[in-house]
Amino acid sequence: MRRLLLLGLTLMAWPGAAHAHLMQTGLGGYYDGLTHLLITPSDLLLVVGLALLAGQSGSACARMLLVGLPLGWLLGGLIGQGLSGEPSLPVLTTVSFTVVGLLVALQVSFRPRVLAALALITGGLHGLVNGATINQGGGQLTLLGIASGVFLISVLVSAQVSVLRVYWIKIALRVCGSWIAAAGLLTLGWLAQS
């Protein structure tokens, strides 16, 4: 009897497949999208990492990020909403923020157009996944909220980083980049185990 009870408890506790969905705040689609970044670590780490990278590369790159990243996210989201299935790209989204974290840690400087292209591509990839998981009712408003959140975090972080001139703060930014990369490597290891 004890073994049967233990077997039953084990089967009930065994995890099944998880399907991500957008959190409902009760405030409407726009605000659901606006808060999305705060509960999605891979998206938040990408946005913060790109803002750090743009800030390290100068104010011209920071301005290009403010156009490229939300635009890429919005276009990717619209394309993702048109897909019939739900693309699950956890490895690609994890690799994207891991590489960005490594670039921040190495303090790689970019020209504004190259950074804008990087922002468009990575934002489009993450937006594609977001758009595919958003239900069709009010989806465009939710995507607009996500793009607004991406813009706000990009503005706040890249503007602060682009004016920093103190040497020890530049080292702290590189440490932040290494932490983003480490989180990505740990996530990739976890995904390899799954």
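Which residue is nearest to VAL114 (Cα to Cα), if the candidates are limited to segment 62-84 and must be open to solvent by less than 40 Å² (accessible area, probe 1.4 Å) and more than 16 Å from the chain's Cα centre (by Cα)?
At the first step, the residues of segment 62-84 found to be open to solvent by less than 40 Å² (accessible area, probe 1.4 Å) are 62, 65, 68-70, 72-73, 76-77, 80-81.
Now narrow it down to the ones that are more than 16 Å from the chain's Cα centre (by Cα): 62, 81.
Numbers: ALA62: 12, GLN81: 27 Å.
Per the criteria, the residue is ALA62.
Yes or no: SER194 of a type outside the set (A, V, I, L, M) and open to solvent by less than 50 Å² (accessible area, probe 1.4 Å)? Give the steps one after another, and end with the answer.
On the way: of a type outside the set (A, V, I, L, M): yes; open to solvent by less than 50 Å² (accessible area, probe 1.4 Å): no.
Criteria not met by SER194.
Can you tell me which residues in segment 161-177 are in a helix (DSSP H, G or I) and either touching a Gly at 6+ places or on another chain (Cβ under 7 Å) or among the aliphatic types (A, V, I, L, M) (or both)? If you could, list the steps in order and put the result at the bottom.
Taking segment 161-177 as the starting set, the residues that turn out to be in a helix (DSSP H, G or I) are 161-162, 167-177.
VAL161, SER162, ILE169, ILE171, ALA172, LEU173, VAL175, GLY177 - these are the residues of segment 161-177 that are in a helix (DSSP H, G or I) and either touching a Gly at 6+ places or on another chain (Cβ under 7 Å) or among the aliphatic types (A, V, I, L, M) (or both).
Among VAL100, VAL91, which is surrounded by fewer than 20 Cβ atoms within 10 Å (Cβ to Cβ), under 17 Å from the mean Cα position of the chain (by Cα) and in contact (Cβ under 8 Å) with a residue 40 or more places away in the chain? Can you show your working first?
Values: VAL100 fails: surrounded by fewer than 20 Cβ atoms within 10 Å (Cβ to Cβ).
Every option except VAL91 fails the conditions.
In segment 27-47, what residues are under 8 Å from the mean Cα position of the chain (by Cα) and open to solvent by 20 Å² or more (accessible area, probe 1.4 Å)?
Step one: list which residues in segment 27-47 are under 8 Å from the mean Cα position of the chain (by Cα), which gives 37, 40-47.
Hits for segment 27-47 are THR40, PRO41, SER42, LEU44, LEU45.
If LEU186 meets every condition in (1) without any contact (Cβ under 8 Å) to a residue 24 or more places away in the chain; (2) open to solvent by less than 20 Å² (accessible area, probe 1.4 Å) apart from one, which number is that one?
(2)
The values are calculated or read from the model by the stated rules, or taken from the named source; none is laboratory data. What you see is a predicted model; the values in this text were computed from it and never measured. Quick reminder, even Gly has a Cβ in these numbers, built from the backbone with ideal geometry, and neighbours come from all protein chains shown. Ligands, DNA and RNA are excluded from the accessible area calculation, which covers all protein heavy atoms including side chains. Shrake-Rupley method; radii C 1.70, N 1.55, O 1.52, S 1.80 Å.
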